[in-house]
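Below is one structure, written out as structure tokens, with a few remarks after it.
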Amino acid sequence: MTAVGIDAIEIWTGNLKMDLPGTFAPEKGEDPAKYTKGLGLNASSFPDSYEDIVTMGANAAHRLMERKGLEPDDIGRIDVATESSFDNSKPVSTYVAGCLESVYDGDFHHANKGERKFACIAGTQSLDDAYNWIRAGRNRGRGALVIATDTALYARGDAGEATQGAGAVAMLIDEDPDLVELSTHQGYGSADETDFLKPNQQFPSVDGKRSVQVYLARMREALEDYESVAGDVHPEDVSFAPFHTPFPGMVRKAAMLAYRHITRDTSIEEELAEEIGRQPRREAFDDEEAFHDAVREYMDALKETDRYQEWYAETIDPTLTLSREVGNWYTGSVHIARVSALKTALEQGRDMTDQQLLVGSYGSGAQAEIHAEIVQDGWEDELEALNVDEQLANRYDMSWADYEEIHDAHNHEMDVDVEEFTTPEEEFVFDGWGRMGERKYRYVE
């Protein structure tokens with residue numbers, strides 16, 4: 001069976017930066033550690049006044065196509081995953097295709113185009129769609145572009161305001177991939193939830209405490225479902241575990257639950273038992289409350305063990321390096337985590353070929369997916385081609401007044417003109433409105 005997976009990946013971050021400990025925290029009158037240690041964030045990326053989900057997605061896709069030497073005829077489908085869409089009918093993928101056609105001789109008239117929505121998990125669902133399309137033999141030798149692009153903007157003063165972010169991840173899905181092969185095994189956890197939603201509104205309505213609970217519950221269900229088809233997961237089988245990362249602090253919680261699950265009934269649990277006892281079992285308790293109290297006590301102890309901290313440092317922490325600097329990218333967040341992990345491995349000179357990633361995606365509303373990926377022989381070249389460090393270093397560092405202006409500029413309910421803070425170069429930009437209220441774009445040399 002021919003391998004199918006991610007052949008190439010590109011990132012485009014918003015051109016503006018909010019320094020959370022240096023600018024955001026003082027303005028809010030709060031301890032910077034609330035953001036750097038609590039949320040696990042140092043900075044957030046924002047789009048300049050000429051940027052939006054189309055420009056970021058098109059710029060990431062254009063860079064990918066140029067690097068891989070692709071023409072429009074090489075692409076058989078373009079799927080855009082976003083929860084920041086501005087049109088209830090016309091998909092963002094058509095706008096992206098229009099941008100790309102303005103710089104290529106060919107066109108995408110024979111490429112299938114669509115838009116996926118299921119909160120943050122839509123990027124992974126689009127990945128699944130492209131995989132299935134190729135596996136079914138319907139691609140005619142062509143690859144698929146999957147683009148996850150979002151502006152995670154919250155209302156001013158909202159508890160989620162510090163986690164904002166903006167950017168895009170473009171992925172080429174193809175046979176014989178250079179980056180990772182996707183496994184045929186998947187696990188799901190899904191339920192009708194109201195933890196985070198946008199009922200005909202731009203800014204989300206969020207039940208923060210409930211959202212964390214739902215995230216953890218669906219992830220646990222997805223892991224159990226994955227193991228039902230792929231077999232038990234053991235810590236030594238997984239090199240990295242990229243999770244959906246709304247902020248790194250939430251991943252810390254998910255990682256604890258995952259480690260407890262995958263070490264249950266293993267030699268690791270027995271070794272840890274000498275230090276903190278065995279994991280509580282439900283059947284040993286007369287009521288649910290006593291069981292949960294025992295689990296919390298065990299988790300608090302587990303978190304402090306050298307064994308857990310070493311696993312976290314090796315398997316989880318490397319997935320968070322980029323998220324700490326860009327904030328929440330919604331549909332792109334788990335794909336940022338994958339890049340972060342492999343980027344760290346490259347910098348450390350670690351050989352990742354044939355190593356396994358266990359990827360945990362999540363979308364509010366709510367659904368989680370767990371699947372495995374096997375790193376391919378060409379992964380180093382793919383990671384070396386990324387210029388994400390350069391992009392992060394070149395962002396414009398906003399003052400608080402700048403932030404207030406740019407937040408208003410991207411608030412759909414406000415009609416304000418904001419001068420650009422950066423000068424666009426070799427990128428697509430927003431270029432005003434068309435006769436039917438559509439957005440127009442152009443490429444700046």
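The values are calculated or read from the model by the stated rules, or taken from the named source; none is laboratory data. None of these values were measured; they are calculated from a predicted model. Quick reminder, even Gly has a Cβ in these numbers, built from the backbone with ideal geometry, and neighbours come from all protein chains shown. Only protein heavy atoms, including side chains, enter the accessible area calculation; ligands, DNA and RNA are left aside. Shrake-Rupley method; radii C 1.70, N 1.55, O 1.52, S 1.80 Å.
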1/(1 + (r/R0)^6) with r = Cβ-Cβ of Asp31 and Asn387, R0 = 45 Å, i.e. FRET efficiency to nearest 0.05, evaluates to 0.85
Here the gain from full extension of Asp354 to Glu274, 0.36 nm per residue of separation minus their alpha-carbon distance, amounts to 25.4 nm
Please build a GNM for the chain, connecting alpha carbons under 10 Å apart, and tell me which residue among Glu384, Glu289, Glu236 fluctuates the most.
Glu289
Which of these, Glu347, Glu27, Glu274, has the largest mean-square fluctuation under a Gaussian network model of the chain (Cα springs below 10 Å)?
Glu274
For a label point 7 Å from the Cα of Phe86 along Cα→C-beta, name the residues of region 145-159 whose backbone N is under 17 Å from it.
149-154
Quick one: accessible area per residue over the chain, 1.4 Å probe, rounded to a whole number of Å²?
43
Spatially proximal lysines relative to Lys113 (Cα-Cα < 25 Å; intrachain offsets below 8 disregarded)
Lys68, Lys90, Lys198, Lys440
Extension gain, Asp415 back to Lys198 (0.36 nm per residue minus Cα-Cα distance, nm):
76.1 nm
For the chain, with only Lys/Arg (+1) and Asp/Glu (-1) charged at the beta-carbon, what is the dipole magnitude about the Cα centre, in debye rounded to 20?
940
If the viscosity is 1.002 mPa s and the temperature 20 °C, what Stokes-Einstein diffusion coefficient in µm²/s follows for the chain when Rh is the Kirkwood radius over Cα pairs?
96
Could you check what % of the DSSP bridge pairs in the chain are antiparallel, to the nearest 5?
75
Just Glu297, Glu181, Glu373 to compare: in a GNM of the chain, with alpha carbon springs under 10 Å, which one fluctuates most?
Glu297
Roughly how many debye, to the nearest 20, is the charge dipole of region 122-263 about its Cα centre, given +1 on each Lys and Arg Cβ, -1 on each Asp and Glu Cβ, and no other charges?
480
Excluding residues on the same chain fewer than 8 positions from Lys303, give the lysines whose Cα lies under 19 Å from its Cα.
Lys37, Lys253
Answer with one residue from Pro318, Met436, Met18: the one whose Cα lies farthest towards the positive end of the charge dipole of the chain, charges on Cβ with Lys, Arg +1 and Asp, Glu -1.
Met436
Net lengthening on full extension, Asp431/Trp400 (0.36 nm per residue, minus Cα-Cα):
8.5 nm
Quick check on packing: order 348-361, 405-418 by the mean number of other C-beta atoms within 10 Å, highest mean leading.
348-361, 405-418
With the crude spin-label approximation of a point 7 Å out along Cα→Cβ, what separation in nm comes out for Glu314 versus Ala155?
4.6
Spin-label point model (7 Å from Cα, Cβ direction): what's the Ala3 to Glu289 distance in nm?
5.4
Could you tell me how far the Cα centroid of region 1-52 sits from the Cα centroid of region 56-84, in Å?
22
Quick check: the angle from helix 288-303's long axis to the longest principal axis of the chain, C-alpha only, nearest 10 degrees?
80
Quick check: the angle from helix 267-276's long axis to the longest principal axis of the chain, C-alpha only, nearest 10 degrees?
70
Taking square-rooted eigenvalues a ≥ b ≥ c of the alpha carbon gyration tensor, is region 329-418 rounded, prolate or oblate, where a/c under 1.5 means rounded and, failing that, a/b exceeding b/c means prolate?
oblate
Compute the long axis of helix 400-409 from its Cα atoms, compare it with the longest principal axis of the Cα atoms of the chain, and write down the angle in degrees, 0 to 90, nearest 10.
70
For peptides 259-266, 84-91, sequence by mean Cβ density within 10 Å, most packed first:
259-266, 84-91
Asp105 and Lys253 label points (each 7 Å along its Cα→Cβ direction) are spaced in nm at 5.5
Using only Cα atoms, locate the centre of region 224-256 and the centre of region 171-201, then give the distance between them in Å, rounded to an integer.
14
Let me check against my output: what whole-number percent is the relative contact order of the chain, with C-alpha pairs under 8 Å and at least 6 apart?
25
How long are the semi-axes of the equivalent ellipsoid of region 394-445, defined as square roots of 5 times the Cα gyration tensor eigenvalues? Whole Å, largest first.
21, 18, 6
